[in-house]
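Read the structure below first, then the notes.
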Amino acid sequence: MTGNKGKSLRFEGISKHFDAIAALSTIDMDVSAGEFLTLLGPSGSGKTTLLNIAAGYLDPTTGRVYIGDEDVTRVSPRHRHIGMVFQNYALFPHMTVRQNVGYGPMVRRLPQDEIRRRIETALAMVKMEDFGERSVEALSGGQRQRVALARAMAAEPDVILMDEPLGALDRQLRKEVQLEIRRLHEAHGRTTIYVTHDQEEALVMSDRIAVMRDGRVAQQGSASELYHRPKNTFIARFLGESNLISGIVEEAGNGQATLGVAGLGMAFRAPAADGLQKGETAALLIRPENVRLCPEASHGITGQVEERVFLGEIEAIRLRLADGTDLWSREFATERSERAGRLNASWNEADARILPIED
């Protein structure tokens, strides 16, 4: 592939209505050249609609799309210089692997030497050099997805768009191809927008994640930022496993808050999301990996062990607290003592966060 990392992409005031239904509402977002952006969200959140507007398969109701400095809002998909990878592969069954990969350059009527170079380079990138003459129907699901990736890369596009490309693969194969896509991006990175509802894919692969909800971007940032500093309980639940303890804000200011939990007879001090007000209902977020368990003591949070789940080297333990809240902990199984009966739970204040409640 060439050294070109692709071009930036910009959504400016994008909305999309299907009759009275607003699928997207005023999306403003920049994707830098060479960036891997994941659109993450539940079904119906608008992520695929936004991807199809980027591709040119849908026209926005309002707003404009720019690739580099060019306004492509009304430019047809074939003239946007994009590569598209679909969940169902969309390969030509009557063609060989090599013919599928070379289809884009061939349609553009590039010189034969250039077409061959692009095919061989793209196949080498996905480790499919020895499969060029095979029928795609003779390939496994993982191999077909690699061919679809190679076909997108062979076009040497300005932007690659991926619409849940691993959804048809089993869990283990999905993990392998996740890492393959990430490796390809790091080695030959082109501007990429990736759509998924799988939080693990988003965490593993992305430079930046935009969490979508009800046609809007609910929050965007790096995987670490969204995981450790979600702006509300919806983001916390959607990105990673969460313990959430509800209460009333007793104090708030300077990035900190105190949450009173009547059912536990306790108050918790922790870093807080912006905008919390005294008297507001909110929730304390603590991730399971930050919860420490020890034998029951006369102080602190005590709960009854309700469930233990062995996960290989990790064991998940569920405590039932006095107010009925479930609190999960994760710890190395090889380092645990027997966990049963009643236990105390604790965590570092800096590892918790007090959030507005949005379900």
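Let me know the shape class of region 230-311, please: from the alpha-carbon gyration tensor, a ≥ b ≥ c as square roots of the eigenvalues, rounded when a/c is under 1.5, otherwise prolate if a/b is greater than b/c, or oblate.
Numbers: a/c = 2.35, a/b = 1.36, b/c = 1.73.
Because a/c hits 1.5 or more and a/b fails to exceed b/c, region 230-311 counts as oblate.
Sequence neighbours fewer than 8 away in the same chain don't count; with that in mind, list the lysines whose C-alpha is under 21 Å from Lys7.
Lys47
Just to be sure I understand: of the beta bridges DSSP finds with both ends in region 39-193, what percent are antiparallel, rounded to 5?
Numbers: 3 of 11 bridges.
For region 39-193, the DSSP antiparallel bridge percentage is about 25.
Would you pull out the residues with amide H under 5 Å of Ala267's amide H, same chain only if 5 or more places away, H placed 1.01 Å from N?
Val261
Does region 135-214 classify as rounded, prolate or oblate by the C-alpha gyration tensor (a ≥ b ≥ c root eigenvalues; a/c under 1.5 gives rounded; else a/b over b/c gives prolate, otherwise oblate)? Write out the running numbers ahead of the final one.
Working: a/c = 1.74, a/b = 1.21, b/c = 1.44.
Here region 135-214 falls in the oblate category.
Separation of region 85-110 and region 252-297 by C-alpha centroid, Å?
First find each Cα centre; the distance between them is then 54 Å.
Test of understanding: in a Gaussian network model of the chain with alpha carbons linked when under 10 Å, which of Ala218, Ala283, Ala187 would top the mean-square fluctuation ranking?
It is Ala187.
If neighbour count is taken as other Cβ atoms inside 10 Å, put Leu161, Leu179 in order from fewest to most. Each step should come with its number before you reach the end.
Numbers: Leu161 25, Leu179 11.
In order of increasing Cβ crowding within 10 Å: Leu179, Leu161.
Counting alpha carbon pairs within less than 8 Å and at least 6 residues apart, what relative contact order, in whole percent, applies to the chain?
The normalised contact order for the chain reaches 16 percent.
If the elastic network links every pair of Cα atoms under 10 Å, which of Val107, Val261, Val177 fluctuates the most in the Gaussian network model of the chain?
Residue with maximal mean-square fluctuation among Val107, Val261, Val177: Val107.
Need the full-extension length gain, Ser346 to Ala124, defined as separation in residues times 0.36 nm minus the C-alpha distance. One decimal, nm. The partial results should precede the final answer.
On the way: separation 222, 0.36 × 222 = 79.92 nm, distance 5.06 nm.
Here the segment from Ser346 to Ala124 would lengthen by 74.9 nm.
Gain in length, Ala187 to Asp28, computed as 0.36 nm per residue apart minus the alpha-carbon separation, to one decimal in nm?
Full extension from Ala187 to Asp28 adds 54.3 nm.
If neighbour count is taken as other Cβ atoms inside 10 Å, put Lys231, Lys278 in order from fewest to most.
Working: Lys231 19, Lys278 12.
Neighbour counts put them in this order, fewest first: Lys278, Lys231.
At 222 nm, what helix-only mean residue ellipticity would the chain give, in deg cm²/dmol to the nearest 500, using -39500 (n - 2.57) for each DSSP H run of four or more? Intermediate values should be presented prior to the final figure.
Values: 9 runs with 84 residues, N = 359.
That calculation yields -6500 deg cm²/dmol at 222 nm.
Using the Cα atoms of the chain, I'd like the radius of gyration and the largest Cα-Cα distance, Dmax, both in angstrom.
So, for the chain, Rg and Dmax equal 24.2, 79 Å respectively.
Quick one: Cα centre-to-centre distance for region 41-71 and region 170-245, in angstrom?
Using only Cα atoms to place each centre, the spacing works out to 19 Å.
What is the packing order of peptides 126-132, 31-37, taking the mean over residues of other C-beta atoms within 10 Å and listing the highest first? Mind showing how you got there, number by number?
Working: 126-132: 16.3, 31-37: 19.3.
Final packing ranking: 31-37, 126-132.
Just for the chain, what percent of DSSP beta bridges are antiparallel, to the closest 5? Don't jump to the answer; show the numbers that get you there.
On the way: 64 of 84 bridges.
Bridges in the chain that DSSP calls antiparallel: roughly 75 percent.
Determine the gain in length on full extension of the stretch Lys278-Glu137; use 0.36 nm per residue of separation and subtract their C-alpha separation, reporting nm with one decimal. It would help to have the intermediate numbers written out before the result.
On the way: separation 141, 0.36 × 141 = 50.76 nm, distance 6.23 nm.
The span from Lys278 to Glu137 would gain 44.5 nm if fully extended.
Determine the sum of side-chain charges near Ala223: Lys and Arg each +1, Asp and Glu each -1, restricted to other residues whose C-beta is under 11 angstrom from that of Ala223. Kindly include the intermediate steps, with their values, before the conclusion.
Working: positive: Arg208; negative: Glu200, Glu201, Asp207, Glu225.
Net of charged neighbours comes to -3.
Taking 8 Å as the Cα distance limit and 6 or more residues as the minimum spacing, I'd like the relative contact order of region 188-253 as a percentage. Mind dumping the intermediate values first?
Working: 47 pairs, mean separation 13.4, N = 66.
Result for region 188-253 is 20 percent.
Rank Met125, Met84, Met162 by mean-square fluctuation in a GNM of the chain with C-alpha springs under 10 angstrom and give only the top-ranked residue.
Met125
Could you tally the net charge around Leu311, taking each other residue with its Cβ under 11 Å from the Cβ of Leu311, Lys/Arg +1 and Asp/Glu -1?
Numbers: positive: Arg308, Arg330; negative: Glu313, Glu315, Glu331.
Taking every other residue near Leu311 into account, the sum is -1.
Net charge near Ala257: determine it from the other residues with C-beta under 11 Å of the C-beta of Ala257, scoring Lys and Arg +1 and Asp and Glu -1.
-1
Read the figures in this text as sums done on the coordinates, not as results from a lab. Since we're looking at a predicted model, the values are computed, not measured. Positions of Cβ are generated from backbone atoms using ideal geometry, with glycine treated the same way; all protein chains shown enter the neighbour counts.
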